[in-house]
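The values are calculated or read from the model by the stated rules, or taken from the named source; none is laboratory data. Given the structure is predicted, the values throughout are model-derived calculations rather than measurements. Here the Cβ positions follow ideal geometry from the backbone for every residue, glycine too, while neighbour counts run over all protein chains shown. These accessible areas exclude ligands, DNA and RNA; they are computed on the full protein's heavy atoms, side chains included. Shrake-Rupley method; radii C 1.70, N 1.55, O 1.52, S 1.80 Å.
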Amino acid sequence: MNPSKPFEDRLLEAGVLSRLDVRFARLMRRLSGTGDFPFFLAAALVSRAVSRGDVCLDLHEAAGQTLVEAKEGFPAVACPEAGLWIQSLKESPVVGSGEAMTPLVLDPAGRFYLHRLWEDETLLAGAILERARAPLMDIPPSRLKEALKQLFPRKDGTFDVSQAAAACIAATRRLCVVSGGPGTGKTTLAARILSLLLMLDQVRQSRIHLAAPTGKAAARLKTAIRLAKKTLPVGDALRAMIPEEATTLHRLLGSIPGRPHVRFGEKKPLPTDLVMVDEASMIDLPLMAKLFRALPETARIVLLGDKDQLASVESGHVLGDICEGHSPGSYSGQVAHALEALLELPKGTFGIRKGKEKGLADCLISLEKNYRFQETSGIRQLSRAVKRGDADGVMAVLRSQAHGDIQWVGGDRSALLKEVLENAVLEGFGPCLQTRLPDDALEKMERFRILCALNRGPFGVETLNAFVQRRLQRRGLMPPGAIRQGPGYAGMPILITRNHYETRLFNGDTGLLWFDREKGLHAIFPGVDAGRREVPLSRLPEHEVAYAMTVHKSQGSEFDEVLLVLPDRPLPVLTRELLYTGITRARKRVFLLGGEDVIRHTVTQKIQRRSGLKEALWGF
């Protein structure tokens, strides 16, 4: 008989644990040979933590927490005191320190891991620091200086110190991490880094790999590089050498369908001199570990992303942890002086880091200059206040009448749906449904999108997609009965939800259903350069209607205007990273629909992904 079963059942009934968590904990308990409830609880809670995006369970943080309140004669269910809990776990045969192969790992700081995630974190931290501390590449300073002058000229007054420094770091080190928000020129910088390395004969054209976490992000990277290289101050021969093809990380690493393993790794490294990865904030811990495992020792890696965006859907907040300890423009004395000499900048341009240094800061750069938004732009000021966690600053921007690119609507929620949402729907989606030209429809589709924090609920994607379709139908912009009739209707925006390499459609791609007499109802998608791609419905991968989409699924996309809809009450999913990501999807204007209490809550909540990666990289 299991004496702890009543406690387990109460945790399950209260929704504290899922059935998957309970099944995992029971399996671990059978392997351990103990009926100990504290062990069961630790195993179940680490399973829950991983499902929520954490890498581990912090036992000191969880210790003493009440999970289920006392009720009707039943005592409360609470976590044990930390010291006793940790000691009991150390005595289990399925818990180790990582030296031997055990299903669970307990580290000296009281972090409790699944072995695979502990191994990924440990390997990744070591690989990052090894690259950060590696000797500088042997490039004659005079040659590097001349190449930097050519690629970052000063005569037109557009010299960007941060971008030039990033290129210099990418040329001289095996690791370069670039963080910057939308409009800071990350993909322009990517093209210049590629040019610089080719000019210096540091990489071979055939051994350069461009990648991104998703198919949509890879396609956007390809388009951005193609456009950026046209404006580079280099000759046609060098311009032709700059690669444009980009792929997903899974495809680059040779993922095996149905298996967690990939073809390239420590025993079979990638045949590459340089891997450049865009949208790095979307990469979870296991995938980043696989990438670093597959890199040859001499290869370079450049990560481009925005550390302030939402964390990856799966475990970890890798880019955030890598950049967490970095002060923009601050380096070791040796690197700061070298950058100033190579870029011919005054002494003191870069700050000098003091104290213990593991070398990682010398590989990082933050892009601050924004080429899209003016300093007085409402979107820029709002996104900055959100990043700072400054709720008063956020409300000041929202209440200001000085910003035409920001419109905040609070107040009664039912009135909002009628007065604001309906107008936005008709203005945003009406032109797309009224045009008879497919290319024009595709262009208009990317002008406006509704973004939500949730999939379900009164202010979630499903509800708002249904709302939009009803309003459009009432205004005669959709065929009668189109909502009830499958598989869709002409002008319906769709979002691909599964990668499909045969059609080159990937999770996150957006397109339209379209009708003509010759082909009937089919799907159309933007082409890489111009024009459109057409896909028969019979070959269309899994998809969903996309008038509204989650902020998570909008990562890597941009629209002229965004209507960002927050729930009517504070929820754990609402964080400043979600709000920042939603706001910065807009190029021209943001409509924010949400009450002040919800906005203030959202701004003060920061994503907390439990892991030991930041401590391993930075020592704190």
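Scanning region 143-188 for residues that are among the hydroxyl-bearing types (S, T, Y), in contact with a strand residue (DSSP E or B) (Cβ under 7 Å, 6 or more places away or on another chain) and closer than 11 Å to L304 by Cα yields a single hit, S179.
Restricting the search to helices (runs of 4 or more DSSP H) fully inside region 421-520 and requiring at least 1 residues that are touching a strand residue (DSSP E or B) at 6+ places or on another chain (Cβ under 6 Å) and more than 28 Å from T602 (Cα to Cα) gives 438-445.
Among the residues of region 1-31, those that are surrounded by fewer than 16 Cβ atoms within 10 Å (Cβ to Cβ) and closer than 22 Å to G316 by Cβ comprise S18, L20. Checking the structure you have, find out if any residue of region 212-219 is in contact with a helix residue (DSSP H, G or I) (Cβ under 6 Å, 6 or more places away or on another chain) and assigned to a helix (DSSP H, G or I). No - not one qualifying residue is present in region 212-219. The residue that is modelled with the highest pLDDT, among those in region 370-406 that are in a loop (DSSP other than H, G, I, E, B), within 15 Å of T184 (Cα to Cα) and not charged (D, E, K, R), is S377. The set of residues in region 565-604 that are open to solvent by 50 Å² or more (accessible area, probe 1.4 Å) and part of a strand (DSSP E or B) comprises R587, K588, R589. When restricted to residues that are over 22 Å from the mean Cα position of the chain (by Cα) and assigned to a helix (DSSP H, G or I), region 533-559 contains 3. Quick one: is L59 open to solvent by 50 Å² or more (accessible area, probe 1.4 Å) and either within 25 Å of A311 (Cα to Cα) or out of contact with any helix residue (DSSP H, G or I) (no Cβ under 6 Å at 6 or more places or on another chain) (or both)? So L59 fails the test. T34 meets each of the listed conditions (1) of a type in the set (S, T, N, Q); (2) under 28 Å from E314 (Cα atoms); (3) in a loop (DSSP other than H, G, I, E, B) apart from (2). Scanning region 330-350 for residues being open to solvent by 30 Å² or more (accessible area, probe 1.4 Å) and of a type outside the set (A, V, I, L, M) gives a total of 7. Entry remark, region 605-620: residues being among the small types (G, A, S) and either open to solvent by 70 Å² or more (accessible area, probe 1.4 Å) or in a helix (DSSP H, G or I) (or both) number 1 in total. When the residues of region 92-122 are narrowed to those that are out of contact with any Phe, Trp or Tyr (no Cβ under 9 Å at 6 or more places or on another chain) and among the charged types (D, E, K, R), which ends up surrounded by the most Cβ atoms within 10 Å (Cβ to Cβ)? Ranking the candidates gives D120 first. Of all residues in region 63-77, those satisfying the criterion of being among the aliphatic types (A, V, I, L, M) and either assigned to a loop (DSSP other than H, G, I, E, B) or open to solvent by less than 10 Å² (accessible area, probe 1.4 Å) (or both) are A63, A70, A76, V77.
The residues listed here are A132, A125; of these, the one that is touching a Lys or Arg at 6+ places or on another chain (Cβ under 9 Å), crowded, with 16+ Cβ neighbours inside 10 Å and under 30 Å from Q334 (Cβ atoms) is A132. Residues that are open to solvent by less than 10 Å² (accessible area, probe 1.4 Å) and either touching a residue at least 60 places away in the same chain (Cβ under 8 Å) or part of a strand (DSSP E or B) (or both) were ranked within region 245-280; the one that is nearest to R498 (Cα to Cα) is T248. With respect to being under 21 Å from D306 (Cβ atoms), in contact (Cβ under 8 Å) with a residue 40 or more places away in the chain and not in a helix (DSSP H, G or I), M288 falls outside the description. Would you point out the residue of region 521-552, among those that are modelled with pLDDT under 90 and not hydrophobic (A, V, I, L, M, F, W, C), that is surrounded by the fewest Cβ atoms within 10 Å (Cβ to Cβ)? Checked region 521-552; the qualifying residue surrounded by the fewest Cβ atoms within 10 Å (Cβ to Cβ) is D529. The set of residues in region 135-152 that are open to solvent by 40 Å² or more (accessible area, probe 1.4 Å) and part of a loop (DSSP other than H, G, I, E, B) comprises P135, L136, D138, P140.
Just checking, how many residues over region 281-313 are open to solvent by 60 Å² or more (accessible area, probe 1.4 Å) and at pLDDT 95 or above? The qualifying residues number 0.
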